[in-house]
Amino acid sequence: MVADIDAAQDHVHLLLYIWLSDNNGMKVVEALKRAAGRGVKCRAMADDLGSRAMIASPHWQDMKAAGVQLASALPIGNPLLRPLKGRIDLRNHRKIVVVDNKITYCGSQNCADPEFRVKPKYAPWVDALIRFEGPIVRQNQYLFATDWQAGTGENISHLLEEPMAAYGKGFPAQVIGTGPTVRNSAMPEIFETLIFGARKRLIISTPYYVPNTPMQAALCASARRGVDTTIIFPAKNDSWIVGAASRSYYLDLLEAGVQIYEYVGGLLHTKSLTIDGEVTLIGSANMDRRSFELNYENNILFYDKDLTNDVVQRQQSYIAKSESVTVESVENWSWRHRLWNNTIAMLGPVL
């Protein structure tokens, strides 16, 4: 990403949920300053809650002084007064990078080191990010442009009208942007449609699983109709509330035939879904109510066997560092453990 920013000739656009002033975070800060210094138009937006430390740091002012245009997404201001003016719980969880209308990135990784110093006891954060070229870049550019105009008032739609460069052989792909101000059922419907579309094999990795009823039913139905259905969670979740709620759904999934693994090599943060070794969904959306109803998210859905195989290999590497969860192991949980998980799950709609 830094190399692409250093090679940029016209513009660089970043939209981030969490941006830390650690090793990786500062590499991007310095790359943006270098790009702005040589005349590249740099626009960077970060969520006002997720990136509050960066926004309040001297590095934010240094970038501004270097010529980088900056904006806070969904500013909070005074948290005591904010509920009188708007929703404090709506957040921009997107992770978008666009360079020169030619390159874009999509995945789960925030702008931070794997050690994730704000929550070090769960480290390393394990993420996946894919670099794309081609017409799909323009779709991510559209998402950035809408958020940038909403946050700053600047209209950069002219960038969406530039002629596209000619590309060689590619594959079908689509950006999927969701959020609370559009049809907020879109993200769960996409997950459910893809799950129902699986015929042979379905592999999912997600750190946060607090499904609605149709999604839980779709996963159970997938296994019952003979699809090899696997889902990978982190063994140690940075949100003890979501971790407990997730485990309340284990027994129904397992009894339906879903294979569950818990990753023990760190905080598995990758949000990925692969179908039949051909189709992949990757991006920022978790399989929980917050991503469905409160967060602005971005994902890319694509159909390509080779790239999907790469994602499957990454998913298999997660499984290799995971422990299998069985019906017997769940049934051996104490009644207190189960009661706790189920009690927390009752709060699912507000988690």
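The values are calculated or read from the model by the stated rules, or taken from the named source; none is laboratory data. None of these values were measured; they are calculated from a predicted model. Note that each Cβ is placed from the backbone with ideal geometry, even for glycine, and that neighbours are counted across all protein chains shown. These area figures cover heavy atoms from the full protein model, side chains too; ligands, DNA and RNA do not enter into them. Shrake-Rupley method; radii C 1.70, N 1.55, O 1.52, S 1.80 Å.
Below, the figures for the structure above:
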{"read-out": "Extension gain, GLN61 back to ARG199 (0.36 nm per residue minus Cα-Cα distance, nm)", "value": "44.5 nm"}
{"read-out": "Computed FRET value (nearest 0.05) for ASN309 with HIS337, which takes r as the C-beta separation and R₀ as 41 Å", "value": "0.60"}
{"read-out": "Kirkwood hydrodynamic radius over Cα pairs of segment 254-326, then Stokes diffusion coefficient at 20 °C and 1.002 mPa s, in µm²/s", "value": "157 µm²/s"}
{"read-out": "Largest-first principal axis extents, alpha carbons of segment 113-254, Å", "value": "52, 40, 31"}
{"read-out": "Beta bridges per DSSP with both ends in segment 216-351, % antiparallel, nearest 5", "value": "70 percent"}
{"read-out": "Sites ALA320 and LEU347 - FRET efficiency at Förster radius 41 Å, r taken between beta-carbons, to 0.05", "value": "0.75"}
{"read-out": "Projected label distance in nm at GLU162 and GLU255, using a 7 Å step from Cα toward the beta-carbon", "value": "5.6 nm"}
{"read-out": "Calculated diffusion of the chain, Stokes-Einstein form, Kirkwood radius summed over Cα pairs, 25 °C and 0.890 mPa s, µm²/s", "value": "117 µm²/s"}
{"read-out": "Partner lysines for LYS119 [C-alpha distance under 26 Å; skip if fewer than 8 residues away on the same chain]", "value": "LYS27, LYS95, LYS236, LYS271, LYS321"}
{"read-out": "Extension gain, ASN184 back to ILE76 (0.36 nm per residue minus Cα-Cα distance, nm)", "value": "36.7 nm"}
{"read-out": "Helix-derived mean residue ellipticity, 222 nm - over the chain, DSSP H n ≥ 4, -39500 (n - 2.57), to 500", "value": "-10500 deg cm²/dmol"}
{"read-out": "Within segment 187-229, backbone nitrogen closer than 18 Å to the virtual label 7 Å beyond the Cα of SER329 toward Cβ", "value": "204-209, 229"}
{"read-out": "Relative contact order of segment 6-47, defined on C-alpha pairs under 8 angstrom at six or more residues apart (%)", "value": "62 percent"}
{"read-out": "Summed residue charge, Cβ within 12 Å of TYR303's Cβ, Lys/Arg positive, Asp/Glu negative", "value": "-3"}
{"read-out": "CYS42 accessible area, 1.4 Å probe, all protein chains in place, Å² to nearest 10", "value": "0 Å²"}
{"read-out": "Reciprocal of mean inverse Cα separation for segment 74-165 (Kirkwood radius, Å)", "value": "15.8 Å"}
{"read-out": "Length released on extending from LYS27 to GLN174, taking residue separation times 0.36 nm less the Cα-Cα span", "value": "50.0 nm"}
{"read-out": "Rounded, prolate or oblate (a/c below 1.5 giving rounded, otherwise prolate when a/b exceeds b/c) for segment 294-351 by Cα gyration tensor", "value": "oblate"}
{"read-out": "Model label zone, THR213; criterion: amide N under 17 Å from point 7 Å along Cα-to-beta-carbon; scope segment 307-351", "value": "345-350"}
{"read-out": "Protein accessible area in the chain, 1.4 Å probe - carbon and sulfur %", "value": "54 percent"}
{"read-out": "Charge sum, other residues only, whose C-beta stays under 13 Å from PHE171's C-beta, Lys/Arg counted +1 and Asp/Glu -1", "value": "-3"}
{"read-out": "Proximal charge balance of ASN101 [Cβ under 9 Å; K/R count +1, D/E count -1]", "value": "-1"}
{"read-out": "Per residue value of the accessible surface for segment 1-154 (all protein chains in place, 1.4 Å probe), Å²", "value": "43 Å²"}
{"read-out": "Residue-wise HN-Hα coupling along segment 13-19, computed from phi with Karplus coefficients 6.51, -1.76, 1.60 (Hz; x: Gly, Pro)", "value": "10, 10, 9, 10, 8, 10, 9"}
{"read-out": "Rg(Cα)/(2.2 N^0.38 Å) for segment 200-349, N = residue count", "value": "1.00"}
